[in-house]
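Data block below; observations after.
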Amino acid sequence: MTDVTPPDAALIDQSSAWQALLKHQKTLSHTTLAALFAQNPKRGQQFKASAVGLYFDYSKNLLTDETLSLLNDLANSAQLTTAIEELFNGANVNNTEQRPALHTAMRSSQADSGQLSSGTPQRLSSMNNFADRLRQGNERGASGKAFSDVINLGIGGSDLGPRMVVAAFPERQAKGLNIHFAANIDSDALRGILSRCQPETTLFLISSKSFSTLETLSNAGLARQWLNDAGFNDTQTACHFAAMTSQVEKAATWGVKPDRIFPMSEGVGGRFSLWSSIGLPIAIALGSAAFSQLLDGANAMDKHFRNTAFKQNLPVLHGLLSIWSVNFNRHHSRAVLPYIHRLAELPNYLQQLTMESLGKGVTRTGQPCTYATGAVIWGNEGTNGQHSYHQLLLQGSDTVPVDFIATSKAHCEPLQHQYLLANCLAQSRALMLGKSYEQALTETRASGLSEEAAAKLARHKAIPGNRVSNTLLLEEFTPSTLGALLAFYEHSVYVQSVIWQINAFDQWAVELGKTMSTTVFDALSKAGDHNKLDSSSQALINHILTRPPTRG
Ligand code: F6P
């Protein structure tokens, strides 16, 4: 494997392509989306691309053919083609940790030419067998009873992906087998679940790549205590745990039986790990066959990403348009709004994927970035948000670009699906077209108000419009199309990281909070000297220490 740390390179904002885009944006800022649609009745057909069950409409971005061509130049300046090859052939794209990013290898097969493969079927076969036996009631606890409840103990990438995919396919879950997720160190999260479970029929999955994450190990300790309190001895307790980790020895030392430890590779990043043994809750909830379909869908998107010209390449287009938004139109936030209740957890998952990957301030060689990087990603399921923050999306002072996500073929009752689609498409139109003052005035006059009152109210009812969005349609909602959608976002993130010259696969900042919390923990337990902390922390700690704890 090769090191792909470049020598100190010129920053991307010095490239001629970047400078040309800056100029181009100035000329485009004089036009509007509505005007662009009026000038070109075929715009909706022109600015779209589709592949592997996904239809991507990006026509409601403020762009022209020239924009796309300049963004293409920018991708070439950043050597995107080479970077894509490096991702797939196992180069050390994670240069600060000197390792490759192997998530695409997890879903490839030996037959995929030129693609690094981790021999996925072999690696995951014992985990898949375990999942299927569990679904059939053939994996049992210490007393010989089949498991009725599986609790995943994990956080970040060891929680969000599996949690989101499991919630997406409730009808596939085996009868009588419930899957739960506890992430927070706040013990109320796990206690709430335990109050609904029986020790004899509960299995805990300790999901931690590093097997050293405080939250997860704390919850695993509580779980073990819960079993002990129910009268289980050590041998019996061990029958109620499995682990997914790259630290097999640590898991064994903790007390997980070796045949219940499902290893994962160091090279698979936490936020890219649902394709590895970290996906065990998915295989349990959906069955191993559906888990394979999820991987196949992602693999199909990998091939599309690797082999398709930029102008038709869905993740490349999405990534470049995100750059266009952040750096040239100065939109530093993006809402992801799935009009699919099953994907209610998707925005949470994408927050980690995107913000932990792109929240960086130096380039791969350590030079400070002189341009903005990662946008804030947020969102929730539609239509719920329409009765909440869409007010700000439509009339607030800033433009927030939106990714609308929906399914073409009904995934729920046909009538309700039709309403969902109608609302989804209508919101993107409302954002784009808004309502002019004149239109608003016609309305307020018609309601019988005085001329003065009608004019005043019209000012409040006018909606600026010209707000940009993408719309992604999944042909149908299956494990395979969901796999393709998730890989689409993973690759868009990679594209953005390449343009910004940053490492998408490390997360050094996260460590700082962990270290500091140890110091504060010691101060709170009076074991450490809190006088060395800042005065705000000192005062807060003093205030807390004057209050007696309410629980033992
Ligand atoms: O703290 C951030 C992080 O390192 C994530 O990147 C990761 O997904 C999460 O913690 C959990 O880590 P682990 O799987 O090692 O417990």
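The values are calculated or read from the model by the stated rules, or taken from the named source; none is laboratory data. Just so it is clear, the model here is predicted, and its values are computed rather than measured. Neighbour counts are summed over all protein chains in view; Cβ atoms, including those assigned to glycine, are modelled from backbone coordinates with ideal geometry. Note: areas computed on protein heavy atoms with side chains; ligands, DNA, RNA excluded. Shrake-Rupley method; radii C 1.70, N 1.55, O 1.52, S 1.80 Å.
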* Got at least one residue in the stretch 355-362 being free of Cβ contacts under 8 Å to residues at least 40 places away in the same chain, within 16 Å of the ligand (Cβ to nearest atom) and in the same structural domain as Ala426 (by TED's automatic domain parsing)? -> yes
* Asked: Scanning the stretch 460-515 for residues that are within 16 Å of the ligand (Cβ to nearest atom) and free of Cβ contacts under 8 Å to residues at least 60 places away in the same chain, which turns out least open to solvent (accessible area, probe 1.4 Å)?
  -> Gly513
* To do: Determine, yes or no, whether Ala290 is surrounded by fewer than 21 Cβ atoms within 10 Å (Cβ to Cβ) and more than 16 Å from the ligand (Cβ to nearest atom).
  => yes
* Answer yes if at least one residue in the stretch 193-201 is among the charged types (D, E, K, R) and in contact (Cβ under 8 Å) with a residue 40 or more places away in the chain, and no otherwise. => yes
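Okay, residues lined up against (1) small (Gly, Ala, Ser); (2) at pLDDT 95 or above; (3) more than 20 Å from Gln79 (Cα to Cα); (4) touching a Leu at 6+ places or on another chain (Cβ under 8 Å):
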| residue | (1), (2), (3), (4) |
| --- | --- |
| Ser333 | yes, yes, yes, no |
| Val336 | no, yes, yes, yes |
| Asn348 | no, yes, yes, yes |
| Thr363 | no, yes, no, yes |
| Tyr371 | no, yes, no, yes |
* Report the residue count in the stretch 392-421 for those that are over 13 Å from Phe477 (Cα atoms), in a helix (DSSP H, G or I) and open to solvent by less than 60 Å² (accessible area, probe 1.4 Å). => 4
* Structure fact -> (1) open to solvent by 30 Å² or more (accessible area, probe 1.4 Å); (2) without any contact (Cβ under 8 Å) to a residue 60 or more places away in the chain; (3) more than 23 Å from the chain's Cα centre (by Cα) all hold for Tyr389 apart from (3)
* So is Leu222 assigned by TED's automatic domain parsing to the domain that holds Leu280, away from the ligand (no atom under 15 Å from the Cβ), modelled with pLDDT of 95 or more and open to solvent by less than 30 Å² (accessible area, probe 1.4 Å) or not? -> no
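For the stretch 516-547, name all the residues that are within 16 Å of the ligand (Cβ to nearest atom) and either open to solvent by less than 90 Å² (accessible area, probe 1.4 Å) or among the basic types (Lys, Arg) (or both). Outline the logic, then answer.
Filtering the stretch 516-547 down to residues within 16 Å of the ligand (Cβ to nearest atom) leaves 516-518.
Correct list: Ser517, Thr518.
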* Could you list, in sequence order, all residues of the stretch 443-459 that are small (Gly, Ala, Ser) and either surrounded by fewer than 17 Cβ atoms within 10 Å (Cβ to Cβ) or not in a helix (DSSP H, G or I) (or both)? => Ala446, Ser447, Gly448, Ser450, Ala453, Ala455
* Top-ranked residue in the stretch 248-271 [being under 18 Å from the mean Cα position of the chain (by Cα) and in a helix (DSSP H, G or I); ranked as farthest from the ligand (Cβ to nearest atom)] -> Arg271
* Out of the stretch 353-373, which residues are open to solvent by 30 Å² or more (accessible area, probe 1.4 Å) and touching a Phe, Trp or Tyr at 6+ places or on another chain (Cβ under 8 Å)? -> Lys360
* The one condition in (1) closer than 16 Å to Thr481 by Cβ; (2) away from the ligand (no atom under 16 Å from the Cβ) that Leu274 fails to fulfil -> (2)
* Considering only the stretch 318-347, state which residues are among the basic types (Lys, Arg) and outside any strand (DSSP E or B). => Arg330, Arg342
* Under the condition of being among the small types (Gly, Ala, Ser) and closer than 20 Å to Ala182 by Cα, which residue from the stretch 231-245 is nearest to the chain's Cα centre (by Cα)? -> Ala243
* Within the stretch 133-140, is even one residue modelled with pLDDT of 95 or more, open to solvent by less than 10 Å² (accessible area, probe 1.4 Å) and under 30 Å from Gly176 (Cβ atoms)? -> yes
